Amino acid sequence: MNDLKRDMMRIQELIGNAFRQTGSLVALTDGGQMNPNKLQKTLEQTMEQFEAATLELRKLCERYAPGSGGFAKKPILPSMDVTGSVEAFGYGWLHITINTLLPHCRYQSPNWLSDTIRRLLDSYEACGKELPFFERAMLIIDEHTAMEGRHIFDQDNKGWKAVSNAIKGRLIPDDDQHTLAVALLSTAVQSQECCHITVLPLSDAHDFFSAHSSDYAPGNFCFGGWC
């Protein structure tokens, strides 16, 4: 079986799994009174199926997009690896890791990415931790990617606006140009591809870029597990 046929069958499997999960929701409406906890759990399981399908479908779309690597050259990460985390640095910066690259979006912001970031922030707060709030902030998105694993290189074709949409009203009052400065960076890696997203006070931008500059050895630029 060739790669294209196998991947198309994988799409069919993903959609089928998500659709079958909706059958559990329909079943809950039969027999009268609905258990609220069971409904909530089933809704979350359904959401997980559709979100996993969406994330893997996006990676398959990018794999078969034409570019410098041609078609079908990008390896597909297992869907279980598509996740993220949030951590605070000691000097008031917030660091978000998304274990996938920015999606290729030319016409609209990807809602799934905004939703993923919002849910990560929700989970962070649910652990009793407080999110910072910046009157003026710098948003830095650093894609860690191997050249052979990326076919979309134009920054204006990437769905980075989903990130600013997700933090608007949550970490910053607005995402206008007087409130939020944005920097899109790229770091070549051989390990797992991901996005490192840092939100910090605009007044600290110099400190970030000083640490990120070539004057510092890569091993010296470590925040949490990010180097």
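The values are calculated or read from the model by the stated rules, or taken from the named source; none is laboratory data. Remember, predicted model here, so these are calculated numbers, not experimental data. All Cβ positions, even for glycine, are placed from backbone atoms using ideal geometry, and neighbour counts span all protein chains on display. All accessible areas refer to the heavy atoms of the entire protein, side chains included, with ligands and DNA or RNA removed. Shrake-Rupley method; radii C 1.70, N 1.55, O 1.52, S 1.80 Å.
Any residue at all in the stretch 187-201 that is at pLDDT 85 or above and small (Gly, Ala, Ser)?
No, there is no match, as no residue in the stretch 187-201 is at pLDDT 85 or above and small (Gly, Ala, Ser).
Scan the stretch 166-179 and give yes if some residue there is modelled with pLDDT under 90 and not in a loop (DSSP other than H, G, I, E, B), otherwise no. Talk me through it step by step, then tell me what you get.
Initially, the stretch 166-179 is screened for residues modelled with pLDDT under 90, giving none.
No, there is no match, as no residue in the stretch 166-179 is modelled with pLDDT under 90 and not in a loop (DSSP other than H, G, I, E, B).
Please identify the pairs in which a residue from the stretch 179-202 that is at positive phi and in contact (Cβ under 8 Å) with a residue 12 or more places away in the chain has its Cβ atom under 6 Å from the Cβ atom of a residue that is open to solvent by less than 20 Å² (accessible area, probe 1.4 Å) and among the aromatic types (Phe, Trp, Tyr), counting only partners at least 6 apart or on another chain.
Between residues of the stretch 179-202 that are at positive phi and in contact (Cβ under 8 Å) with a residue 12 or more places away in the chain and residues that are open to solvent by less than 20 Å² (accessible area, probe 1.4 Å) and among the aromatic types (Phe, Trp, Tyr), there is no close pair.
Give me the pairs, please: first residue somewhere in the stretch 131-142 and open to solvent by 30 Å² or more (accessible area, probe 1.4 Å), second residue anywhere and part of a loop (DSSP other than H, G, I, E, B) and among the β-branched types (Val, Ile, Thr), beta-carbon distance under 7 Å, and either six or more positions apart or on two chains.
Arg136/Thr179
Restricting attention to strands (runs of 3 or more DSSP E) lying wholly within the stretch 81-153, give those where 3 or more residues are at pLDDT 90 or above, under 15 Å from the mean Cα position of the chain (by Cα) and within 20 Å of Ala181 (Cα to Cα). It would help to see each step written out before you state the result.
Numbers: elements: 84-88, 94-98, 137-145.
Ranges flagged: 94-98, 137-145.
Kindly check whether there is at least one residue in the stretch 156-163 that is modelled with pLDDT under 95, open to solvent by 70 Å² or more (accessible area, probe 1.4 Å) and under 16 Å from the mean Cα position of the chain (by Cα).
yes
Any idea how many residues of the stretch 18-75 are open to solvent by 70 Å² or more (accessible area, probe 1.4 Å), at pLDDT below 75 and in contact with a helix residue (DSSP H, G or I) (Cβ under 7 Å, 6 or more places away or on another chain)?
Of the residues in the stretch 18-75, 2 are open to solvent by 70 Å² or more (accessible area, probe 1.4 Å), at pLDDT below 75 and in contact with a helix residue (DSSP H, G or I) (Cβ under 7 Å, 6 or more places away or on another chain).
Pairs only if they're at least six apart or on different chains, beta carbon under 9 angstrom, first in the stretch 1-18 and farther than 13 Å from Tyr64 by Cβ, second outside any helix (DSSP H, G or I); list them, first residue then second.
Met9/Met1
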